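All remarks here apply to the structure that follows.
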């Protein structure tokens, strides 16, 4: 069966694809596609649980050290670019909407819209990474990279900290770089997976009966968004800002 | 077609959730401009983040009408994360309470 089927609309395709194509997708150990979908969903959720523990440990590190060194952490946090951080949050939230709509139309077997919304998700993900790049460059210019570009005397003279407090500033910046880079790596992997699923969708591999890869990818993408939702106040908004 | 699809949100519903999420984001950032104690900033920020995460999990990740298995995994994850955070913080916050003993 050719995946193109140019003579049929997407809705007609959706209603036809529940036969041979659906049976082809059923793995041996499952009774039906619904059970297979549930197993896949459980699998991705357990993976997301491990990711929560992965990022969670870093969040606990920020909380512990913030309580030990509040002044240094607040000063260092206020030097981060909250504008780009805030805009990136909005970008990721919008991308989450795009992928949830992709799943919505995948459930209805409307292939063209699935492809469009997956494409928009990947595009917004790329937008997030570009803004991150701009932000990282700004951090480089501002000497906020401990171990590479960092001037201890700036923090003593400009920010009024004591010399013995500077290592704690470096600690905050280290945590900032590790957490945001790790998150950016997850976004990059997410974009690759979204693009692969988009190509598979374009080739007609999914239907209203079988759209599990779209669903599973969406769950991963939403998780990446949730991590950023927590990263914003934890890293960027610890101190008070002024206009 | 999957039975669940009949009960999930419409596209307009998802857009509504997004608008609420974006408003909460603006609120989080605005909170950091209020000069008050650290507790307000940190706690307020985390509470708003938790509210946003809940909206994403319940509506975008379809947990509200999802299976009991999914809810079980989420509850267990939260429990284990609270253990991680709780015990670590309990260690750090009680350091120095018992002076002059080895290991303290």
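The numbers here are math on the coordinates, done by the rules we state, and not lab data. All of these numbers come straight from a predicted model, not from anything done at the bench. Please note: Cβ atoms are built from the backbone with ideal geometry, for glycine as well, and neighbour counts cover all protein chains shown.
The table below lists the values:
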{"quantity": "Cα centroid separation, segment A:122-197 to segment B:44-92 (Å)", "calculated": "26 Å"}
{"quantity": "For the protein assembly as shown, calculated [θ]222 nm from helices alone, where every DSSP H run of n ≥ 4 adds -39500 (n - 2.57)", "calculated": "-24000 deg cm²/dmol"}
{"quantity": "Segment A:105-243, relative contact order [Cα under 8 Å, separation at least 6], %", "calculated": "40 percent"}
{"quantity": "Whole-number percent relative contact order across chain A, with pairs defined as alpha carbons under 8 Å at least 6 apart", "calculated": "36 percent"}
{"quantity": "Between segment A:85-110 and segment A:198-229, the alpha-carbon center distance in angstrom", "calculated": "10 Å"}
{"quantity": "Residue-span extension gain [residue A:137 to residue A:154] - 0.36 nm each, minus C-alpha spacing", "calculated": "4.3 nm"}
{"quantity": "Cβ neighbours within 10 Å from other chains - mean over A:130-142", "calculated": "0"}
{"quantity": "Ranked by how many other beta carbons lie within 10 Å on average, peptides A:200-212, A:155-167, A:223-235 from highest", "calculated": "A:223-235, A:200-212, A:155-167"}
{"quantity": "Residue mean of other protein chain beta carbons inside 10 Å, A:194-201", "calculated": "0"}
{"quantity": "Highest average packing first - B:26-39, A:62-75, Cβ atoms within 10 Å", "calculated": "A:62-75, B:26-39"}
{"quantity": "Average beta carbon contacts from partner chains per residue of B:87-96, 10 Å cutoff", "calculated": "2"}
{"quantity": "Estimated inter-spin distance, residue A:42 and residue B:39, nm [label 7 Å along Cα→Cβ]", "calculated": "4.4 nm"}
